[in-house]
Amino acid sequence: MFMFVGLQAKEDLSKIYPVEHIRLNEKQIQEAVTDNKFFGYFINGVEFEEIHYANGQYSIKIDSGQIIRGSWKSRGDHNSGVCYSIVTGKGHESDHNCARLYKPKKVTGNNNVYYYVQRNETLLYRVIAKITKSDSTEIIELEPKKTIKKTEQKVLYCKRYDGKVFERKDDCGLMEEISKTEYDKGDQKITESKKAEEKLTIEPFPKPEF
């Protein structure tokens with residue numbers, strides 16, 4: 001649960017009209033949001049916290065715990081606002097989605113309240129979210145990296161006909177499979193008769209005489 005909930009009751013954003021408030025220009029937007037942490041909620045009630053980093057990076061954490069990252073930039077001239085580009089699952093950034101930023105004309109209790117405003121389907125500008133600056137400078141933590149477990153390969157211990165022992169993965173081939181205890185004893189001396197017997201299993205046919 002976000003800290004914002006306890007700060008003040010939620011307003012009905014559908015009843016907030018942008019024309020009754022002060023629109024921020026590009027410089028004011030930069031001064032208001034850069035390297036500051038905000039708690040807020042969208043018009044549908046979903047809460048979030050966000051940070052606009054000075055290097056142009058952006059992070060927003062939704063109340064479900066999901067963290068979305070991307071970049072932001074302010075725009076000026078006659079259409080001042082703040083624009084966002086969100087990183088998709090494939091690592092690409094979406095096109096910039098922009099909003100105007102307004103400050104209430106009358107502020108009671110907290111001077112760091114702002115409204116995001118966008119044009120709706122009827123081409124009217126309406127408030128879509130409200131944010132309040134946090135006193136905390138804590139940075140939104142990165143999502144924990146997912147650990148990919150490697151499938152462990154079966155280890156076999158093998159002995160060659162001359163007594164030398166080896167560690168192999170999955171298959172001893174023509175060598176004899178032995179226990180870990182026997183492998184730990186190291187290379188073993190094999191008698192000449194034993195060598196001959198082992199070799200016969202590999203070369204069962206006598207060499208032809210010329």
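The values are calculated or read from the model by the stated rules, or taken from the named source; none is laboratory data. Values in this document were obtained by computation on a predicted structure and should not be read as measured data. Counting neighbours? That spans all protein chains shown, and the Cβs are built from the backbone with ideal geometry, glycine included.
Just one of the numbered conditions (1) within 19 Å of Glu50 (Cβ to Cβ); (2) modelled with pLDDT under 85; (3) outside any loop (DSSP other than H, G, I, E, B) is not true of Cys98: (2).
Among the residues examined, Ala54 does not qualify as modelled with pLDDT under 95 and either part of a strand (DSSP E or B) or over 21 Å from the mean Cα position of the chain (by Cα) (or both).
Scan segment 76-89 and give yes if some residue there is in a strand (DSSP E or B) and among the charged types (D, E, K, R), otherwise no. Looking through segment 76-89, none of the residues is in a strand (DSSP E or B) and among the charged types (D, E, K, R).
Which residue out of Ile29, Ile67, Ile22 is under 22 Å from Asp135 (Cα atoms), assigned by TED's automatic domain parsing to the domain that holds Asn111 and in contact with a Lys or Arg (Cβ under 7 Å, 6 or more places away or on another chain)? Can you show your working first?
Numbers: Ile29 fails: in contact with a Lys or Arg (Cβ under 7 Å, 6 or more places away or on another chain); Ile22 fails: under 22 Å from Asp135 (Cα atoms).
Selected residue: Ile67, the only one of Ile29, Ile67, Ile22 that is under 22 Å from Asp135 (Cα atoms), assigned by TED's automatic domain parsing to the domain that holds Asn111 and in contact with a Lys or Arg (Cβ under 7 Å, 6 or more places away or on another chain).
Could you tell me whether Ser80 is at pLDDT 90 or above and under 18 Å from Ala129 (Cβ atoms)? In short, yes.
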